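Visitor: Encoded as structure tokens, here's the structure I'll be asking about.
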Amino acid sequence: MSIEANNISKRFGQFVALDNVDLEIPSGELVALLGPSGSGKTTLLRVIAGLEFADAGTVRFDGRDISDRTARERRVGFVFQHYALFRHMTVFENIAFGLRVRPREARPSKKQIQAKVHELLKLIQLETLAQRYPSQLSGGQRQRVALARALAVEPSVLLLDEPFGALDAKVRMELRRWLRQLHDEIHVTSVFVTHDQEEALEVADRVVVMNHGRIEQIGSPEEVYNQPATPFVYNFLGNVNLFHGRIDGGTTYIHERETGHVVYVRPHLLEIDRQPNGGSHFRARIKHINAAGPLVKVEAVAEWGDPVHIEMSQERFRDLQLIKDEAVFVIPKDVKVFANHEA
Amino acid sequence: MATIFPLRSFGLASDRAAQATTEGAWVRWSLIAVAVVFLGVFLFMPLAVVFASALAKGVSVYFAALREPDALAAIRLTLIAAGIAVPMNLIFGVAAAWAIGKFEFFGKSFLVTLIDLPFAVSPVVSGLIYVLIFGLQGLMGPWLASHDVKIIFAVPGIVLATVFVTFPFVARELIPLVQAQGNEEEEAALTLGASGWQTFFRVTLPNIKWGLLYGVILCNARAMGEFGAVSVVSGHIRSRTNTMPLHIEILYNEYQFAPAFAVASLLALLALVTLLAKSIVEWKSRQQTKQQELFATRQTATPTSISSAGANAA
């Protein structure tokens, strides 16, 4: 089912959580709402779910206006950051809840419920834990139960609010790959909220980057990462070096007669060499080297005194044999220039 | 030997730690003695005296005092007052806790203060308030009299006073509990298609049941034992507006000590039963959380990997 949100605005007292937001999600897509805390991403998700009502704007499912419908009527699957499992019910009862509360004429038989729950338990690989209580499960298991519970009612859309936010790094990684696989299997239109750019870029078909209650950019993970529309998106999706400069006849000048332009360069798009090699370059002095991890992170000071972060492969680092306090040339391979310096 | 050695040194270390954090034997025993004497004089002795005095003139006098029509009427009225006040406060308390714990609204802190009012006001004053409102000379007195409705010096007044005095017990017990549990489970239930009532009976109520039971037990104990407020509105009409505490006072003032203590022993028994029930409820709810924690730690000790799960699901 496709989701359409038009001109959604929402305030909490003086705080503007959503400011005229427009969003269209085609049927079957897995979309990430990405942004820092307070950017309005969770509010947008809750407005779509019907757990919150917008001050203005409409929400449509498959073209039908459902703005006035309650969460109960919208038939969405909602997964909460802290699972929100019913603590006094077993895993089995949690998953069966949505089927048991149906009006009598729409309620499946005991046998059908049992079959459905076991099918879902199989899907989340927790068949042996059906009689456990939520407090007896690990965080990752709880979140999978929450997902199964949401899927039990065969929701038209699946909404996940920071589904992996409360889990530790390793479980988080496993679970998000599993979510991607699951989505490829069941194809229910899904929206998940996250503040983790890596998670959004890895899992989603499309990423919606939000800031201050507005959408900054909508695009595929490659698009938002490689062609950021705004300085904010560039900044939020990965580490970045920020230089002031100007543009003159198609040429970018860093730190020369500044005209309010801001030059953004990702650390891995800066190269270090001992020769200037003819092209664009600036001088810098190595301050600190961190060789732990797949990339070597070098911290240098540019000739005008600003810190510069550079990343290079371990091979390149071995070839160069860099040492601390050494003077080198830094060669930008790709830069992005934005006119205003609000980021 | 190597295994014994660390054990012994551990024992020594813990002894030394114990010495560092406790007082000498003399201080310890005198503090314990003070506590035991205090409990004996102020709690156990009075309790023993109640039952001893009640049975001082024999078992037949004891049961005769309880079977006397005035006593039976008092017991019945007490049961009626509690029987109305407790369910009412159960509903009020749950509704108030639900509203205060789950929602934000204007005047919330004022409402919380209002709920505490019966605790802050002397019961005699609360009784007087009802006399001033519903009494013959009171605000609504003439109107009530002209419609032949009797509240003061009648059963409705006693019930009203009891409801007022016992109002905070259930609400006070539940508000922190409901607040701590938050809204998420209810929201989850709503998104799963549950109606408001289904959400309440299937999700909210089971989560607060122990706290609710605890509040009801305390509320009931106070409803049956209330003296001050009820005394003011009752008028002490024998066999008609006397509750157990009032009946005891009348008997006592008439120097009928054995019957007075016989009825009092019933209230004392109620107190003991209440304490027992309260302990059981506390023990039950603690047991529940403890068991869940135990399982939780066992679970984290043997984490199951999901990577295989993910591969299979795909």
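Visitor: Collect the residues in segment A:129-156 that are more than 9 Å from every other protein chain (Cβ to nearest Cβ), more than 15 Å from A:Tyr83 (Cα to Cα) and not aliphatic (A, V, I, L, M), keeping them in residue-number order.
Guide: A:Gln131, A:Glu154, A:Ser156, listed by residue number.
Visitor: Quick one: would you say A:Arg246 is in a strand (DSSP E or B), within 22 Å of A:Lys324 (Cα to Cα) and not small (Gly, Ala, Ser)?
Guide: Numbers: in a strand (DSSP E or B): yes; within 22 Å of A:Lys324 (Cα to Cα): no; not small (Gly, Ala, Ser): yes.
The answer is no for A:Arg246.
Visitor: Which of the residues belonging to segment B:41-82 are in a loop (DSSP other than H, G, I, E, B) and of a type outside the set (A, V, I, L, M)? Let's see the steps before the verdict.
Guide: Taking segment B:41-82 first, the residues in a loop (DSSP other than H, G, I, E, B) are B:55-58, B:68.
Across segment B:41-82, the qualifying residues are B:Lys57, B:Gly58, B:Glu68.
Visitor: Let me ask something else about it. Restrict the check to segment B:113-124 and report whether at least one residue is out of contact with any Asp or Glu (no Cβ under 8 Å at 6 or more places or on another chain), surrounded by 15 or more Cβ atoms within 10 Å (Cβ to Cβ) and not aliphatic (A, V, I, L, M).
Guide: Yes, there is a match, as at least one residue in segment B:113-124 is out of contact with any Asp or Glu (no Cβ under 8 Å at 6 or more places or on another chain), surrounded by 15 or more Cβ atoms within 10 Å (Cβ to Cβ) and not aliphatic (A, V, I, L, M).
Visitor: Additional query: Within segment A:148-163, can one find any residue that is closer than 27 Å to A:Arg46 by Cα and surrounded by fewer than 16 Cβ atoms within 10 Å (Cβ to Cβ)?
Guide: If we filter segment A:148-163 for residues that are closer than 27 Å to A:Arg46 by Cα, which is where we start, we get A:148-163.
From what is left, the residues that are surrounded by fewer than 16 Cβ atoms within 10 Å (Cβ to Cβ) are A:154.
Yes: one or more hits.
Visitor: Of all residues in segment A:155-188, how many are assigned to a loop (DSSP other than H, G, I, E, B), closer than 21 Å to A:Leu99 by Cα and modelled with pLDDT of 90 or more?
Guide: So the answer is 2.
Visitor: Among (1) of a type in the set (Ser, Thr, Tyr); (2) under 22 Å from B:Ala180 (Cα atoms); (3) surrounded by fewer than 19 Cβ atoms within 10 Å (Cβ to Cβ), where does A:Thr128 come up short?
Guide: (2)
Visitor: Out of A:Thr43, A:Thr58, I need the residue that is polar (S, T, N, Q), under 29 Å from A:Gln14 (Cβ atoms) and touching a Leu at 6+ places or on another chain (Cβ under 6 Å). Which one?
Guide: Matching residue, one of A:Thr43, A:Thr58: A:Thr43.
Visitor: Cβ-Cβ below 7 Å, separation at least six or inter-chain, first residue in segment A:263-288 and under 22 Å from A:Gly238 (Cα atoms), second part of a loop (DSSP other than H, G, I, E, B) and small (Gly, Ala, Ser): which pairs?
Guide: A:Arg266/A:Gly238
Visitor: If the requirement is being at pLDDT below 90 and of a type outside the set (S, T, N, Q), which of these qualifies: B:Gly215, B:Gly182, B:Gly193? Before you say what the answer is, go through the steps one by one.
Guide: On the way: B:Gly215 fails: at pLDDT below 90; B:Gly193 fails: at pLDDT below 90.
Exactly one residue qualifies, and that residue is B:Gly182.
Visitor: Being at the interface with chain B (Cβ under 7 Å from one of its Cβ atoms) and outside any loop (DSSP other than H, G, I, E, B) is true for just one of A:Phe97, A:Phe92. Which residue is that?
Guide: Details: A:Phe92 fails: at the interface with chain B (Cβ under 7 Å from one of its Cβ atoms).
Answer to the selection: A:Phe97.
Visitor: Which one is nearest to the other protein chains (Cβ to nearest Cβ), of the residues in segment A:31-42 that are surrounded by fewer than 24 Cβ atoms within 10 Å (Cβ to Cβ) and at negative phi? Full working, then the answer.
Guide: Within segment A:31-42, the subset surrounded by fewer than 24 Cβ atoms within 10 Å (Cβ to Cβ) is A:31, A:36-38, A:42.
Now restrict to residues that are at negative phi: A:31, A:36-37, A:42.
Working: A:Val31: 18, A:Pro36: 22, A:Ser37: 18, A:Thr42: 12 Å.
Only one residue fits best here, namely A:Thr42.
Visitor: Do any helices (runs of 4 or more DSSP H) entirely within segment B:183-263 hold 1 or more residues that are away from chain A (no Cβ under 14 Å), and if so, which? Steps first, please.
Guide: Details: elements: B:184-191, B:196-199, B:205-225, B:228-234, B:244-253.
It comes to B:205-225, B:228-234, B:244-253.
Visitor: Tell me the residue from A:Ile25, A:Ile3, A:Ile113 that is under 25 Å from A:Ile186 (Cα atoms), aliphatic (A, V, I, L, M) and within 14 Å of another protein chain (Cβ to nearest Cβ), please. I'd like the intermediate steps shown before the answer.
Guide: Numbers: A:Ile25 fails: within 14 Å of another protein chain (Cβ to nearest Cβ); A:Ile3 fails: within 14 Å of another protein chain (Cβ to nearest Cβ).
Result of the check over A:Ile25, A:Ile3, A:Ile113: A:Ile113.
The values are calculated or read from the model by the stated rules, or taken from the named source; none is laboratory data. Predicted model only: the values in this text are computed from it and were never measured. Positions of Cβ are generated from backbone atoms using ideal geometry, with glycine treated the same way; all protein chains shown enter the neighbour counts.
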